[in-house]
Ligand SMILES: [Zn+2]
């Protein structure tokens, strides 16, 4: 018996999945503690544009 399998011919290219929304120019998203309003800005907002409440950075809330 002299079998030789040619495994090199069955290569598949690796295709990365990109179904996750991701913006590489990421602005920061801030969420209002009071009313839940989410704003996307580059600079930390001092207060909520809707109610004037305290804002927190959503990207630092991974706990
Ligand atoms: Zn608010």
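What follows draws every value from the coordinates through simple rules; no lab data is involved. These numbers come from a predicted model, not from an experiment. Here the Cβ positions follow ideal geometry from the backbone for every residue, glycine too, while neighbour counts run over all protein chains shown.
Annotations
- Residues 46, 31, arranged from fewest to most other Cβ atoms within 10 angstrom of their Cβ, appear as 46, 31.
- This ranking places 12, 37 by how few other beta-carbon atoms lie within 10 Å of each, fewest first, which gives 12, 37.
- Ordered by the number of other Cβ atoms lying within 10 Å of each residue's own Cβ, fewest first, 18, 40 fall into the sequence 18, 40.
- Remark: spin-label model distance residue 13-residue 39 equals 4.5 nm, labels positioned 7 Å along the Cα→Cβ axis.
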